[in-house]
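The values are calculated or read from the model by the stated rules, or taken from the named source; none is laboratory data. Computed from a predicted model, the values in this text were never measured in an experiment. Cβ coordinates were reconstructed from backbone atoms using ideal geometry, including for glycine residues, and neighbour counts include every protein chain displayed. These accessible areas exclude ligands, DNA and RNA; they are computed on the full protein's heavy atoms, side chains included. Shrake-Rupley method; radii C 1.70, N 1.55, O 1.52, S 1.80 Å.
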Amino acid sequence: MTFHQIDRRALLRGAGAGLGTLLAGGLLAACGSGGGKAPQLATSSGPSMAPRKGGRLRAAFAGSAAESTNVLQATNSAVDYVRARLVWDTLGEIDDSKPVWRLAESVEPNADATRWTVRVRDGVTFSDGRKLTAEDVLFSLRTLAGNPTTQAGLLAGLDPAASAVRDPRTVELALKSPDGFFDLALAQSIFVIPNGTTDFEHAVGSGPFVLKNWTRGASSLLTARTDYWGAALGGGPYLDEIELSSVADAGARINGLKAGQFDYAGGITLTAARAEARNPDVRVVTAPQELWSDLALTMNLGLQPFDKPAVLQAVRYAIDREAMVRTVTLGYGEVADDALGRHQSWYDASLPRRAYDPEKAKKALADAGLSDVKLSVRTSDYEYGTLESATAFVQQARAAGLAVGVDKIPAADYYTDFKALLSTPLQTNLYHAMPLPLQLSFFYGSKASYPFTGPAGPTLDGLLTAMHAAVGDDAKRTKAVQDVQHYLYDQGGDAVFARIPPVAAAKPTVQGVKALGSFDYPCLRDAFLSS
């Protein structure tokens, strides 16, 4: 989702984040299941050689009209986000469902998780030679939380005024209420900039690369730091330069790769993945299942006709999930069971699957005295799967007595209209993977940053409060997360029908690309070219 204050990672991965890295520092070979045979997307099990120094990596990602070098808008598009991960280091990243700290050496809660202590790593320097201190970390958190950023939603529970620096390497963060999952939030793209920064478009970073030049809607050129603090921990930068190209059209990205214009193309379609799966000159790659995206039809419970439970029920029964996997995901994906976060440790696998049953859908509408229900699905082809699933639903819903039209919005405009996103009765959503406890709070409840499904009642709010108050025992914390899942399964407005693997393509020489929380906006810090 790309508008002035929301990014695709946070919304539909949504902020961030997901789980795991590409296997062994190389490009992961993972193939979906659950809906039909498809050519395997990748066969690499890791880098084929030790990292090689030097060279320029040319990578293409989707851009948008809102592209910017402003650190506060760093997640406005895929190309911006990838660039941001190279210029500004973060407190931490997600790897295999857990935080891995970078600028933070450690992050620890007190007994009831109302205060968290961040110990800042020693020896970190910004690209202008300044040494990182706790003052920089607190300033960055206050700035991200106090401005219209995606991170502001994740940091909504922080009490910036009550938080304080205890010594040059220690920050004590006060929360407005207990949150046993706040460490996950601190590992979601919390970019750190020097204390007192006022020019956010040219903010100094402590990352492995510096921005040499940039043209909106065209390209960025980044050069490697020779004094990067992180090299002492092992890893890159190995490349001399990275050139990032803003290419809105997914077909143009894969065609540019095949023509030799790019070495890496992010966000390609599954159609292209299938077509190139056996091309020896193209390496088609995907992510572990924890990092797959969830496709949903999102119904706003506060708007007609979805204020009537019978219509919600009818839509759920009118979706042929198996057919969606076969046709929309081309057999690469898997069926989803009206809940986000499958394959994460928090997920409740006992949730029953809703079968496609158009007769039950008709009966639900008839019993409620509803007839001739007409729906319009707001959608776009910003990412593969959304427009395709909306079109497929039109045919499926017809058998259930639902007349459905498609309102296709241009890709560049779909996420720029925040008001429309929160006031549309029915729309497609592609939720990018992020840690489930964060994702549930980010999209649901009266405190949600982006409540696509509309207003929440006291029951859901109570369950979300209990989830965040759960500290200590993992079983207790997991049950609290699953209690929220069960409520949303029964009464929520998201019909999550399929899981779709994110896909990228690369030349066989590209190695070391890592997801570290987000496959769609990968970390290129340790990337290298094998020849």
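Descriptive notes on the structure:
- Of all the numbered requirements in (1) modelled with pLDDT under 95; (2) out of contact with any strand residue (DSSP E or B) (no Cβ under 8 Å at 6 or more places or on another chain); (3) within 22 Å of T269 (Cα to Cα), L370 misses one, and that requirement is (3).
- Considering residues of the stretch 288-318 that are open to solvent by less than 10 Å² (accessible area, probe 1.4 Å) and hydroxyl-bearing (S, T, Y) only, the residue nearest to the chain's Cα centre (by Cα): S293
- Every condition in (1) assigned to a loop (DSSP other than H, G, I, E, B); (2) over 27 Å from T379 (Cβ atoms) is met by M434 except one, and the failing one is (2).
- Of the residues making up the stretch 522-531, those that are open to solvent by 10 Å² or more (accessible area, probe 1.4 Å) and either within 13 Å of the chain's Cα centre (by Cα) or not hydrophobic (A, V, I, L, M, F, W, C) (or both) are R525, D526, S530, S531.
- The lone criterion from (1) closer than 20 Å to P99 by Cα; (2) crowded, with 20+ Cβ neighbours inside 10 Å left unmet by A495 is number (1).
- Failed item in (1) closer than 26 Å to F519 by Cβ; (2) open to solvent by 50 Å² or more (accessible area, probe 1.4 Å); (3) touching a Lys or Arg at 6+ places or on another chain (Cβ under 9 Å), with A433 passing the rest: (2)
- The stretch 118-150 - residue that is at pLDDT 95 or above and in contact with an Asp or Glu (Cβ under 6 Å, 6 or more places away or on another chain) and, of those, surrounded by the fewest Cβ atoms within 10 Å (Cβ to Cβ): R119
- Only one of L426, L422 that is surrounded by fewer than 19 Cβ atoms within 10 Å (Cβ to Cβ), at pLDDT 90 or above and within 22 Å of the chain's Cα centre (by Cα): L422
- Qualifying residue in the stretch 486-493 (condition: closer than 25 Å to V315 by Cβ, at pLDDT 95 or above and either touching a Lys or Arg at 6+ places or on another chain (Cβ under 6 Å) or not in a helix (DSSP H, G or I) (or both)): yes
- Per-region count, the stretch 271-328, residues of a type in the set (F, W, Y) and over 22 Å from Y382 (Cα atoms): 2
- From the list E201, E172, E135, the one residue that fits, being acidic (D, E) and assigned to a strand (DSSP E or B), is E172.
- Of residues in the stretch 501-521 being open to solvent by less than 10 Å² (accessible area, probe 1.4 Å) and among the β-branched types (V, I, T), the one nearest to M49 (Cα to Cα): V510
- Enumeration of residues in the stretch 92-111 that are within 19 Å of A515 (Cβ to Cβ) and touching a Phe, Trp or Tyr at 6+ places or on another chain (Cβ under 7 Å): G92
- Residues satisfying the stated conditions in the stretch 319-361, i.e. within 16 Å of E388 (Cα to Cα), in contact with a strand residue (DSSP E or B) (Cβ under 9 Å, 6 or more places away or on another chain) and open to solvent by less than 20 Å² (accessible area, probe 1.4 Å): I319, R321, M324, V325, V328, T329, Y332, G333, E334, V335
- Test for G405: is it farther than 28 Å from D520 by Cβ, in a strand (DSSP E or B) and open to solvent by 20 Å² or more (accessible area, probe 1.4 Å): yes
- N213 in contact with an Asp or Glu (Cβ under 7 Å, 6 or more places away or on another chain) and either more than 24 Å from G55 (Cα to Cα) or not in a loop (DSSP other than H, G, I, E, B) (or both): no
- Verdict on L440 being closer than 25 Å to A78 by Cα, open to solvent by 10 Å² or more (accessible area, probe 1.4 Å) and of a type in the set (A, V, I, L, M, F, W, C): no
- In the stretch 202-260, the residues that are more than 19 Å from R102 (Cα to Cα), hydroxyl-bearing (S, T, Y) and surrounded by 15 or more Cβ atoms within 10 Å (Cβ to Cβ): S219, S220, T223, S245, S246
- One residue stands out in the stretch 88-117 among those that are small (G, A, S) and within 25 Å of V204 (Cα to Cα): the one that is surrounded by the fewest Cβ atoms within 10 Å (Cβ to Cβ), namely S106.
- Within the stretch 323-350, the set of residues being in a loop (DSSP other than H, G, I, E, B) and polar (S, T, N, Q) comprises T329, Q344, S345, S350.
- Of the residues making up the stretch 142-168, those that are within 27 Å of D96 (Cα to Cα) and in contact with a strand residue (DSSP E or B) (Cβ under 7 Å, 6 or more places away or on another chain) are A145, T150, G157, L158.
- For the stretch 491-517, a residue qualifies if it is at positive phi and in contact with a Phe, Trp or Tyr (Cβ under 8 Å, 6 or more places away or on another chain), and exactly one does: G512.
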